[in-house]
Every structure is written in structure tokens, then in C-alpha cells.
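Heads up: the structure comes next, in C-alpha cells.
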């Protein structure tokens, strides 16, 4: 796969546990699909905006450019976030976790200031009220948290 | 696999895009390994503490009990976070994203108030300074952000 060979070329293979956890070099542990998880957080509000995935090339471009690049698993292509909608993510800080299979990316969002393709500021616009149980065939209900919609997807992306 | 059959029994199969995005029922899109991604955030500071994974059973237990349960991919078992270390996660809020393959879980951490198995408050204790490039065989260097270590892993987990 393109993303695997890219990973081989761009970043060193992950070392032992001690190196991953305490080392000073980035050696990402890309998963079977060639990606790591990226949690994207708003620099001003601290709100988690989205969870995305980065292959080696998108991670490299993010570090090089200071803008958010992902690997779109649904489209199977590199994804410069905001290229269509204008909601480009300017990276303030990028952090990696102990075992180097996830990053937290703190950003300022340009354009409409929205991250979700539904037009909402954050993809996490619904809560799961606690104390419910899915057992016995019951549905777990969601609560809409009234997140702000900043743009009309039909106008920005065209008809689906 | 146990987690797939668990998913079938506990939650309805994901519906079409419109239902996933705008519906009021939880229909998680578990991946090939039977899990969704969980981003765990500190209720007081807003800091991202960890990224974990939940299969159907751990998601159900989290919603039912209001404590953080995960699926440990490395150990291949259900994981009641804090059962060994005392750093149990009391859930303040759980949110699901637009396409229902990720949740954000806002928690208060008991015990030492630490989440990372290294003893740090957060797993994201190193940053990746921007403007570096991995091309041409250069290493991307990490910067330790001096995160606070709340416990000694050797004392809590015993020798590795």
C-alpha cells in the first residue's frame, strides 16, 4: 500500500517500549491501515472538534506546513482539511502520546470556523446521557446539544 | 470474535448517513477490530488525557456505570480503567461524533489523578515542534513538555 511504503520512507520504524515512551524521536506506530489517530482541539475553547486519521504523508505535511492534513479513509486519499470549505486548520501545537499511535493537534480554524462537514463547529454535537442500558434490545438515546451550525453543507459542498 | 457478536447484540446496526448524523439513537460504527475510538478529556482542565478504544461491551458498561471502561487491544481484554492503579475515571459527559465511530468522554480521575501508565497526568506529555521535515532521512525530534508524574509505575504495577 502507498501509505505503508510512505511510512517506511518518512519515519523510522518504532523501537522498543522504552524508546517509544521516553525517546526524543518521532517513530509513529501506524496501524494496519497505515494511520495513527489525530484528535483535533480548538486552541481558544479547548473543545474537541474532530477525530481524524493521518498516514505518514499527511503527518509529515502537517509537521512541515503547520496546517492540518489527514488521510481520508472513506475517500482513500490525502486530505488538506478546509481545501474545499475554506475551514483550514492552522496548527498551534502538536503532541504525541506515550506509545506514539495518536496525536493531539491544537488548531485555529479559518473560514467559517467550523470543522464538521455538517456545518457544525464540532463533530461532537450530540451527547449520550449516562445511566441508560442497551441490554435487552433497548435503544440508547442521544441528546442534541444544540451545537452551532456555521455553514450550509449543500451550499459549500454542492449536492451529495 | 467476541466483540463482534457483542456489538450485534448490544447496539443496532448503523443506518444510512442521514440516520448516523441526525438520528437520536446510538448506533456505533465499530471498526474491523470491533472498536470505536474514545478521546478522554479532563473535566477540570480540558486537557486530553488519553486516546483509547471501546468495544460494544466496554461502551455499554461506560454508559451504564458512568465509569470509564475500554477494550485493551494489547491485552485483548475488557479494561476497567483504574482497577489496578486506583485512577478510576468518573464520567461527567459522553459525546458521540457525526458518523458515530468516536466518542469524547469528559472525566474526573480518582486516585493519583493520573491517566498514563507512565505515571503522567496525560499520555500527551511530548510535543512535536512544527517546521521540521522527515524527508531525506532526518529524524523528527520531540520536546518533553515536563508533564507532571503523579505515581511511580514500578510501585503501582510491580516489575514489568
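The values are calculated or read from the model by the stated rules, or taken from the named source; none is laboratory data. Just so we're clear, the structure is a prediction, and the values are computed from it rather than from any experiment. Note that we place each Cβ from the backbone using ideal geometry, even for glycine, and neighbour counts take in every protein chain shown.
Annotation note: of A:114, A:143, the sole residue that is more than 7 Å from chain B (Cβ to nearest Cβ) and either closer than 27 Å to residue A:92 by Cα or modelled with pLDDT under 95 (or both) is A:114.
Where residues in segment A:16-29 are within 22 Å of residue B:122 (Cβ to Cβ) and outside any helix (DSSP H, G or I), which of them is farthest from the other protein chains (Cβ to nearest Cβ)? Per the criteria, the residue is A:29. Taken over segment B:30-49, residues that are buried (at least 19 other Cβ atoms within 10 Å of the Cβ) and within 11 Å of chain A (Cβ to nearest Cβ) amount to 9. Return the residue satisfying two criteria in turn: it lies in segment A:108-151 and is part of a loop (DSSP other than H, G, I, E, B) and loosely packed, with under 11 Cβ neighbours inside 10 Å, and of such residues it is farthest from the chain's Cα centre (by Cα). Selected residue: A:138.
Within the option set A:133, A:65, being facing chain B (nearest Cβ under 10 Å), without any contact (Cβ under 8 Å) to a residue 60 or more places away in the chain, under 28 Å from residue A:143 (Cα atoms) and out of contact with any strand residue (DSSP E or B) (no Cβ under 8 Å at 6 or more places or on another chain) holds for one residue only, A:133. Within segment A:72-95, being more than 14 Å from every other protein chain (Cβ to nearest Cβ), in a loop (DSSP other than H, G, I, E, B) and in contact with a strand residue (DSSP E or B) (Cβ under 7 Å, 6 or more places away or on another chain) holds for A:81, A:82, A:87, A:88. Of the residues making up segment B:52-61, those that are without any contact (Cβ under 8 Å) to a residue 24 or more places away in the chain and not in a strand (DSSP E or B) are B:58, B:61. Against the numbered list (1) within 16 Å of the chain's Cα centre (by Cα); (2) away from chain B (no Cβ under 13 Å); (3) part of a loop (DSSP other than H, G, I, E, B), residue A:100 comes up short only at (2). Scanning segment A:30-51 for residues that are outside any loop (DSSP other than H, G, I, E, B) and touching a helix residue (DSSP H, G or I) at 6+ places or on another chain (Cβ under 9 Å) yields A:36, A:38.
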